[in-house]
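Heads up, the thing below is written out as structure tokens.
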Amino acid sequence: MGFQRMPLAARRQQLAQARARAEERRLLLADTDSYTDSDLFEQLVREGRNPFPAASGAEYEQMLATDALPDQADAIDELIADLPDHLGSRLLRPHPVRIGIIADQFLYSSLEGLADLVPLTPGNWRDHVDDVDLFMITSAWRGLNQEWFGLSRGSWVRRLVMDEMVPVFRDAGVPIVYYSKEDPPNFDVFLPLATVADHVYTTADTKLKDYRSKCAGAESFGVMSFGVNPFHHNPVGSRRRRLDRIMFAGSWHRHKYQLRRKAGTAIFQGILDADRELIIFDRNFDLGMAKYAFPHMLMPHIAPSISHERLLKLQRITDISVNLNSVVGSMTMYANRVVELQAMGAYVISNYNAGVNDRFPTVFMAESAIDVAHQLQTLDPERMYRAQMAGLRTVFSAHTAHRHLGAMLDAIGLPTASLAPRVAVTGPEAAAREFCERQSLPGLEVLAQDQLSAAAETADVVIPVSEGVEYGLHHAEDLLNGFVYTDSDFITKSTSLIDGEIGSATEHDRVSEARPELSAIWVDSPSFGAYIRDGVVNGLGYAIDPFEFALAGSGDLTLPSREPDFEDAETAQPRATDARLSVIVPVYNNGRYLRDKCFSSLRRSSIFSDMEILLVDDGSTDPETVDLLARLSRGTDRVRWLRNAPGGSGSASRPRNQGLAAASAEYVTYLDPDNEAVNDGFARLFEMITESGVDFAIGDMSKRKGMPKHVANAKMLKKYLVDNEDGTHSPTPTSLADIRFTPMSIQALVANTEWLRSLGLTQPVGAVGQDSYFFQQMLYYARRIQILPIVIHVYYAAVSTSTVNTISPNFFRKYLPLEKSRSAWLREVGLMDEYVETRYEAFLKGWHLPRLKQVLPEDYDEAVSLLQQINDMYDFTEWTDEELRTIFGGREDDAVTPGETVSAG
């Protein structure tokens with residue numbers, strides 16, 4: 001029965017009741033308040049329609065029929081009619097092996113054309129025992145044509161594989177590989193198949209230990225992540241037209257993957273808040289099942305699913321796509337979509353996954369709806385295009401299925417086809433040598449111009465260069481990748497940026513001629529013969545993007561200037577500026593994250609125009625990092641580049657100290673290059689501190705390593721601070737001890753610059769963990785502070801290059817200067833007893849002891865010796881933990897061996 005016309009007060013009451021039901025039933029799982037405050041919710045209530053997610057399949061079908069978008073197939077066909085499926089590959093040659101495979105369509109397609117695949121069925125497998133080099137069993141739910149339906153259960157097809165096929169192939173001398181793309185959630189489902197294999201591979205590094213435990217008969221174990229296949233995933237024709245909308249093609253799970261649902265809701269809410277067009281192709285649209293029902297707020301944006309072939313081409317011309325990972329904590333297992341979308345030239349918005357964060361920094365990982373909305377509102381077309389091309393480069397350089405399959409075949413002992421052609425550079429000798437020294441592509445050789453006629457003896461590809469061109473670091477790498485996803489005689493850079501037509505329809509498409517100094521030419525082709533004969537490049541070519549080069553002062557204006565554009569970090573001082581917040585970013589060889597993590601998060605801040613961003617380079621030796629620092633310092637007047645001599649000091653302390661000395665703004669904060677500022681938190685802290693005049697304002701942190709962890713700084717602090725009448729808070733002499741010296745992120749606070757400098761504090765140079773100690777001192781000396789219970793800073797702890805993820809004796813050595821300074825300070829201020837009583841042993845047990853167990857056996861004694869030196873600074877002997885007592889004060893016969901755990905009982 002519909003809602004009838006009623007007085008305004010009654011309608012308001014009805015709305016309130018509906019909102020209360022939404023909260024009670026928790027049907028929306030995340031952002032309930034956002035939805036129940038939305039125009040859509042009020043409209044549905046006003047019209048007497050159900051505003052909640054479907055409670056049954058029939059109800060969901062009715063919602064889709066009423067609110068969802070119509071079938072898009074006809075409109076899509078018009079958009080993609082002229083797009084080729086692919087343009088082949090000049091560089092990619094199939095691995096010379098014949099693989100008998102049991103697989104579903106997805107995995108089969110990802111490997112198709114990369115080796116000689118023989119689909120095995122219950123009816124034909126005996127015919128191929130003697131003509132395959134490898135028998136590959138994968139975690140297939142159904143097979144290519146339903147022939148392996150039941151393989152995931154104890155059905156007859158599983159018994160066929162385990163009891164008949166495996167013994168027969170093994171007797172024939174054919175190696176047997178098990179490969180799971182369904183880990184970790186379906187590890188147990190397919191595990192019996194792994195137990196009979198010679199070699200066990202998984203997409204999830206987190207399951208290797210379990211496989212080693214359960215598959216005692218296997219010879220080897222490994223990881224093979226998802227990769228792209230250029231015969232299916234490529235950017236060909238992607239610039240003929242661009243769709244300025246945001247697309248998601250996939251499924252929704254109300255019954256599982258809670259983190260995925262929560263993150264997905266925030267992403268979609270942010271897209272709607274940014275007033276961007278959103279379309280969702282619901283993979284399960286035709287099933288009409290409530291457990292797959294999308295949140296009701298998304299109903300007007302849902303469309304029926306489309307064929308995989310249509311989808312691939314549509315994704316190719318769509319600017320922005322959403323990816324949702326069901327697995328969070330793995331460094332190697334993530335949704336295959338995140339790799340495929342980048343290969344097709346998309347800008348990707350995704351929820352968190354450790355591997356995506358580590359391997360694909362250009363993927364925007366959303367913390368909240370606010371961040372999504374701000375990112376979309378501040379992402380101009382050129383920056384988006386650059387990010388798209390950086391993602392495409394990463395994928396085709398390191399994450400092709402051909403490369404991943406080759407690594408597995410090589411480990412098993414089977415032959416492979418290389419993806420590493422011989423590349424020569426020709427042109428004026430000085431220009432050619434300088435080019436080779438600067439490029440990210442390794443193995444370049446200089447070829448004199450008078451030797452071009454014999455180039456085929458030493459090279460597969462020749463890159464002509466000119467003195468009149470400034471080349472970016474990735475110029476050669478981009479050109480070579482073009483040969484991976486097209487079968488072309490030459491690859492060239494587009495000149496659309498020079499011509500003022502960036503994003504031209506001629507980019508990522510066939511061309512018949514090009515400038516030699518912007519091209520790479522396949523030696524064994526007619527185009528190379530024409531180049532030798534006439535000095536021209538023409539024939540069967542392909543043009544890529546317009547970045548990574550500049551001609552005579554035009555072209556890519558973000559390229560580093562040949563003249564230094566930095567200040568000496570040792571002598572840098574504050575300068576006259578209109579900036580109100582200085583952000584200190586310590587940098588050392590981590591440029592691949594700086595632009596798309598740290599700097600991108602600052603750029604989307606509502607107070608970006610009020611910032612002074614101090615990029616303090618500790619002496620990077622990585623060309624990509626130095627290159628990026630130069631680009632960023634030229635890209636906006638908000639950036640200052642402070643540089644130390646190459647070599648590094650060992651930690652972020654020196655650049656942080658230098659940044660504080662040089663900060664020009666009234667307020668200051670910190671942000672590491674591989675972390676992000678979120679929720680517009682710096683703006684909110686800035687507002688609090690300017691209105692209240694406190695020494696610093698601090699919020700919460702989110703730590704990402706495995707499962708996300710909310711570090712509630714504000715909640716903890718509030719318990720042990722004195723509330724002032726003006727709404728501020730004051731620490732007491734015991735506040736630091738009351739919070740048990742718990743460290744809090746200096747990247748989640750904004751401080752008064754003059755006050756902070758007046759304390760005369762320095763972070764110990766060369767030390768790690770120094771920011772935690774720095775916060776302890778800040779809290780001790782603060783007179784008044786403010787707290788904000790929202791996440792300000794995301795700390796990505798699972799990064800392969802992070803100091804704290806590389807455990808050697810040097811890790812413990814870097815704690816010596818920290819603990820020397822901290823122990824002296826604690827004695828000076830009279831807090832040593834409280835620190836030892838409340839934190840010292842717990843810190844050693846929770847932080848150092850697990851890492852001690854990760855060092856190599858040959859390094860163990862040295863690591864223990866370093867920890868004993870630290871303990872000498874505190875002179876602690878009253879151990880309650882047996883392991884620590886054994887290390888620091890036990891008998892010689894109680895010694896702990898590496899990796900062994902001493903029982904506390």
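Data table
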read-out: Number of the exception - Gly217 against (1) farther than 19 Å from Gly329 by Cβ; (2) of a type outside the set (Phe, Trp, Tyr); (3) touching a residue at least 24 places away in the same chain (Cβ under 8 Å); value: (3)
read-out: Breaking point among (1) surrounded by fewer than 21 Cβ atoms within 10 Å (Cβ to Cβ); (2) of a type in the set (Phe, Trp, Tyr); (3) not in a strand (DSSP E or B), for Phe221; value: (3)
read-out: Residue list for the stretch 231-249, restricted to those being over 12 Å from Leu341 (Cα atoms) and in contact with a strand residue (DSSP E or B) (Cβ under 8 Å, 6 or more places away or on another chain); value: Val236, Gly237, Arg239, Arg240, Arg242, Leu243, Asp244, Arg245, Ile246
read-out: Evaluation of Asn50 against (1) in a helix (DSSP H, G or I); (2) at pLDDT below 80; (3) surrounded by fewer than 19 Cβ atoms within 10 Å (Cβ to Cβ) (one fails), failing number; value: (1)
read-out: Residues of the stretch 349-373 that turn out to be at pLDDT 95 or above and of a type in the set (Gly, Ala, Ser), as a count; value: 2
read-out: First in the stretch 763-783 and farther than 21 Å from Lys814 by Cβ, second anywhere and surrounded by fewer than 22 Cβ atoms within 10 Å (Cβ to Cβ) and aliphatic (A, V, I, L, M), Cβ under 6 Å, 6 or more apart; value: Tyr781/Leu759
read-out: Selected residue [of a type in the set (Lys, Arg), in contact with a Pro (Cβ under 8 Å, 6 or more places away or on another chain) and surrounded by fewer than 23 Cβ atoms within 10 Å (Cβ to Cβ)] from Arg316, Arg254; value: Arg254
read-out: Set Ala369, Ala387, Ala343, Ala373: member being under 26 Å from Phe483 (Cα atoms), among the hydrophobic types (A, V, I, L, M, F, W, C), surrounded by fewer than 23 Cβ atoms within 10 Å (Cβ to Cβ) and in contact (Cβ under 8 Å) with a residue 12 or more places away in the chain; value: Ala387
read-out: Lone qualifier among Val132, Val177, Val168 - being part of a loop (DSSP other than H, G, I, E, B), more than 16 Å from Met333 (Cβ to Cβ) and not assigned by TED's automatic domain parsing to the domain that holds Gln342; value: Val132
read-out: Subset of the stretch 529-554 (residues that are touching a Phe, Trp or Tyr at 6+ places or on another chain (Cβ under 6 Å) and modelled with pLDDT under 95); value: Phe549
read-out: Matching residues, the stretch 751-800, being assigned to a loop (DSSP other than H, G, I, E, B), closer than 19 Å to Ser653 by Cβ and in contact with a Ser or Thr (Cβ under 7 Å, 6 or more places away or on another chain); value: Gln763, Pro764, Val765, Gly766, Ala767, Val768
read-out: Members of the stretch 124-156 found to be surrounded by fewer than 17 Cβ atoms within 10 Å (Cβ to Cβ) and among the hydroxyl-bearing types (Ser, Thr, Tyr), listed by number; value: Ser155
read-out: Residue count for the stretch 286-306, restricted to those that are in a helix (DSSP H, G or I) and over 11 Å from Leu69 (Cα atoms); value: 7
read-out: In the stretch 488-523, the residues that are of a type in the set (D, E, K, R), crowded, with 20+ Cβ neighbours inside 10 Å and in a loop (DSSP other than H, G, I, E, B); value: Asp489, Lys493, Glu507
read-out: Residue within the stretch 449-456 that is surrounded by 21 or more Cβ atoms within 10 Å (Cβ to Cβ) and either in contact with an Asp or Glu (Cβ under 8 Å, 6 or more places away or on another chain) or modelled with pLDDT of 95 or more (or both) present; value: no
read-out: Flag if Arg580 is more than 28 Å from the chain's Cα centre (by Cα), at pLDDT 95 or above and not assigned by TED's automatic domain parsing to the domain that holds Pro464; value: yes
read-out: Residue within the stretch 471-494 that is closer than 25 Å to Gly113 by Cα and among the basic types (Lys, Arg) present; value: no
read-out: Among the candidates Thr753, Thr728, residue that is in contact with a Phe, Trp or Tyr (Cβ under 9 Å, 6 or more places away or on another chain) and either in contact (Cβ under 8 Å) with a residue 40 or more places away in the chain or exposed (fewer than 13 other Cβ atoms within 10 Å of the Cβ) (or both); value: Thr753
read-out: Filter pass, Arg260 being on the phi < 0 side of the Ramachandran plot, of a type in the set (Lys, Arg) and not in a helix (DSSP H, G or I); value: no
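The values are calculated or read from the model by the stated rules, or taken from the named source; none is laboratory data. Quick caveat, the model's predicted, so the values are computed rather than measured. Neighbour counts are summed over all protein chains in view; Cβ atoms, including those assigned to glycine, are modelled from backbone coordinates with ideal geometry.
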